[in-house]
1. Hey, could you check region 40-56 for residues that are surrounded by 13 or more Cβ atoms within 10 Å (Cβ to Cβ) and of a type in the set (A, V, I, L, M) and say which is nearest to the chain's Cα centre (by Cα)?
2. Could you list, in sequence order, all residues of region 31-42 that are within 13 Å of the ligand (Cβ to nearest atom) and in contact with a helix residue (DSSP H, G or I) (Cβ under 9 Å, 6 or more places away or on another chain)?
3. Give me the pairs, please: first residue somewhere in region 39-50 and hydrophobic (A, V, I, L, M, F, W, C), second residue anywhere and within 9 Å of the ligand (Cβ to nearest atom) and assigned to a loop (DSSP other than H, G, I, E, B), beta-carbon distance under 7 Å, and either six or more positions apart or on two chains.
4. Have a look at A36, A22, A17 and point out the one that is assigned to a loop (DSSP other than H, G, I, E, B), within 10 Å of the chain's Cα centre (by Cα), crowded, with 16+ Cβ neighbours inside 10 Å and not β-branched (V, I, T).
5. Do you know which of the residues in region 1-14 that are surrounded by 13 or more Cβ atoms within 10 Å (Cβ to Cβ) and in a loop (DSSP other than H, G, I, E, B) is farthest from the ligand (Cβ to nearest atom)?
Amino acid sequence: MYVCNCNGIRARDVHFAIEAGAKRPKDIFASQGCKAQCAKCVCEMREMIHESEHAYAMAAE
Ligand code: FES
């Protein structure tokens, strides 16, 4: 499933980038060697980052 249609970034690419330390959508684009185009995917990327941080926080408790 594509998260970013403009750059062909898949959900698994986003997850890998987050695991590698991406904290912002900008970091995810950088990990893929591209930049935001239309930016429609930025909200979804933020949600994925937030969900991941929440999951880490829950695991740490
Ligand atoms: S869908 Fe990601 S920049 Fe357009």
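Computed from the coordinates by the stated procedures, all read-outs in this text should not be read as laboratory data. None of the values given here were measured: they were computed from a predicted structure. Note: ideal-geometry Cβ built from the backbone for every residue, glycine included; neighbour counts use all protein chains shown.
1. M45
2. Q32, K35, A36, A39, C41, V42
3. V42/A36
4. Going through A36, A22, A17 in turn, just one is assigned to a loop (DSSP other than H, G, I, E, B), within 10 Å of the chain's Cα centre (by Cα), crowded, with 16+ Cβ neighbours inside 10 Å and not β-branched (V, I, T): A22.
5. N7
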